[in-house]
Amino acid sequence: MLRTDDHRRDSAGLRYVYPVISRRAGGVSVGINLNPNNACNWACVYCQVEGLTRGGPPPLELDRLEAELAGFLDDAITGDFMPRQVPETARGLVDVAFPATASRLRRRSLPTPWRGWRRRSGVSA
Ligand code: SF4
């Protein structure tokens with residue numbers, strides 16, 4: 001069961017996509033982690049990445065990201081993810097958070113998985 005104080009990025013067993021319960025938003029926020037090797041050249045005081053090391057991310061597997069995002073969103077919206085993993089008071093999908101630290105190239109390519117899922121699922125937002 002997810003908790004508001006548990007922001008592990010491997011909680012769903014996926015490489016890029018991870019859910020957290022956002023106390024501020026009042027539901028499940030889906031995070032996209034483009035640094036699965038925990039490498040980053042920033043040193044934010046609020047960083048919660050365990051085992052943070054200096055460096056850059058490995059090459060992005062965009063097809064895998066799209067498949068993970070589509071599979072997770074389908075499970076969260078029409079599957080049993082919410083009753084299985086989320087406390088009753090937080091059962092709602094509130095946002096998908098794309099990382100602000102992605103390079104311009106990555107930011108241009110990131111919406112592709114999102115658009116692909118929206119097209120297949122019929123969600124208009
Ligand atoms: S950019 Fe993200 S991963 Fe890097 S130090 Fe800041 S919070 Fe941590």
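We did not get these values from a lab; they are worked out from the coordinates using the rules stated. If you're wondering where the values come from, they're calculated on a predicted model, not measured in any experiment. Every residue, glycine among them, receives a Cβ derived from its backbone with ideal geometry; neighbour counts consider all protein chains shown.
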Highest mean packing first, using Cβ neighbours within 10 angstrom, the peptides 49-58, 84-93 sort as 84-93, 49-58
With residue 38 itself left out, Lys, Arg at +1 and Asp, Glu at -1 over residues whose Cβ is under 9 Å from its Cβ give 0
